[in-house]
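The values are calculated or read from the model by the stated rules, or taken from the named source; none is laboratory data. Treat the numbers as computed from the prediction; the structure is a model and nothing was measured. Because the Cβ atoms are built from the backbone with ideal geometry, glycine has one as well, and the counts that use them run over all protein chains shown.
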Amino acid sequence: MTLPVLDLSGFHGPDRAAFVRRLKDILHDHGFFYLTGHGVPQELSDALFAAAKRFFPLPEAQKLDIEMVRSPHFRGYNRAGYEHTRGAPDWREQIDFNTEGTAERIAPDSPPWKRLHGPNQWPAQVPELRDLVLAYQAQVTEVGIMLLRAIALALRQPEDAFADVYEPQPTQLLKLIRYPGRDTAESDQGVGAHKDGGLVTILLQDSIGGLRAQTPEGEWSEVPPLPGSFVINAGELLELATNGFVRADIHEVVAPPPGVERYAIAFFLGARYDATIPVLPLPEDLRELERGLTVDPLNPLFRSAGLNHLKSRLRSHPDVAAAHHADLAALRIIEQVG
């Protein structure tokens, strides 16, 4: 499988209809593509990568000043092996940020997802990281919302069809990631096979490969870096909203070779936590192509955007779940909703 390349500037030009038609075909076939013409300044991306490369070589004790287990909101630094995919450790170190906010008062009857609102943790040793992360979040959020408008038109819906689930404030999970080489990683699993849980993912790769997407036939296909582009993939919320017309592809990252490290910036645009994901009324010819939802006993999907995100966080970060949310173990949530 060779990923198609879409130039987002085509959405604003005279060939908009052709752009939308091609996007529709891609979304149904595999939901993975390269995006060029996105307008995010290269100098901003370069500066954020450079800041990440100043943070990760810091002494471990300094990085642990912002360790995620200190945050009930799942923000902060994780050592390699501390995030899990389908129960197995991912060999990458990373910092997680989300929409900057304040913690909410939690009452006994509060929706469990309210615990996700809160402030980020920022490293004192790399003070410029805050402004860079917030600027980059704002830029890729604009790209993501533009894509959602294009996706709505591709599905022959009103251009603002998804606005009800992300306005006035979408979730903006951003990960700065370093993958160590296989000489220091304890397995080849940079990130285990999974689907992304949001609306759209906007991934910036460095020059080192390792990302692979699974074809509908179950074969793995390399997704090599393409300079100046993002890798876009549809998330599970789009699969939910279209009853499987849009494919949320399974993908993984293989640890880089010995002596090599790989950096990536992953951004996951999601719905508001209090949003309920509707089923869009697709026209009949598209409805006939719906595949239904993926059935995975290990990863049930909820129409509550907040519960979907909280489920993912609890399972991916068992140390944070144990430290702050022992009363909300993932199985309790599944029993509650399912």
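Details
- Of the residues making up region 5-46, those that are aromatic (Phe, Trp, Tyr) and in contact with a helix residue (DSSP H, G or I) (Cβ under 9 Å, 6 or more places away or on another chain) are PHE11, PHE19, PHE32, PHE33.
- Any hit, region 266-281, residues being among the hydroxyl-bearing types (Ser, Thr, Tyr), assigned to a loop (DSSP other than H, G, I, E, B) and more than 20 Å from GLY31 (Cβ to Cβ): yes
- Residue match in region 121-136 (condition: in contact with a Ser or Thr (Cβ under 9 Å, 6 or more places away or on another chain) and surrounded by fewer than 18 Cβ atoms within 10 Å (Cβ to Cβ)): no
- Cβ-Cβ under 8 Å pairs, at least 6 apart or on other chains, region 142-161 side closer than 12 Å to ILE202 by Cβ, far side part of a loop (DSSP other than H, G, I, E, B) and among the charged types (D, E, K, R): none
- Given (1) within 22 Å of ASN98 (Cβ to Cβ); (2) surrounded by fewer than 23 Cβ atoms within 10 Å (Cβ to Cβ), number of the condition GLU261 does not satisfy: (1)
- ASP296 falls short on exactly one of the conditions (1) under 19 Å from LEU199 (Cα atoms); (2) in contact (Cβ under 8 Å) with a residue 12 or more places away in the chain; (3) surrounded by fewer than 18 Cβ atoms within 10 Å (Cβ to Cβ), and that condition is (2).
- In region 213-233, the residues that are more than 12 Å from ILE250 (Cα to Cα) form Cβ pairs under 7 Å with partners that are part of a strand (DSSP E or B) and charged (D, E, K, R), at six or more places apart or across chains, as follows: GLU222/ARG212; VAL223/ARG212.
- Test: residue in region 98-114 that is touching a residue at least 40 places away in the same chain (Cβ under 8 Å) and among the polar types (S, T, N, Q): yes
- Counting only helices (runs of 4 or more DSSP H) that sit wholly inside region 1-110, those with at least 2 residues that are surrounded by 20 or more Cβ atoms within 10 Å (Cβ to Cβ) are 16-29, 42-55.
- Identity of the residue in region 241-258, surrounded by fewer than 23 Cβ atoms within 10 Å (Cβ to Cβ) and of a type in the set (A, V, I, L, M), that ends up modelled with the lowest pLDDT: ILE250
- Within region 11-30, residues that are free of Cβ contacts under 8 Å to residues at least 24 places away in the same chain sit with their Cβ atoms under 7 Å from residues that are not aliphatic (A, V, I, L, M), at 6+ positions apart or across chains, in these pairs: ARG16/GLY10; ILE26/PRO4; ILE26/PHE33.
- Within the option set LEU173, LEU199, LEU204, LEU211, being buried (at least 19 other Cβ atoms within 10 Å of the Cβ) and either in contact with a Ser or Thr (Cβ under 7 Å, 6 or more places away or on another chain) or of a type in the set (Gly, Ala, Ser) (or both) holds for one residue only, LEU204.
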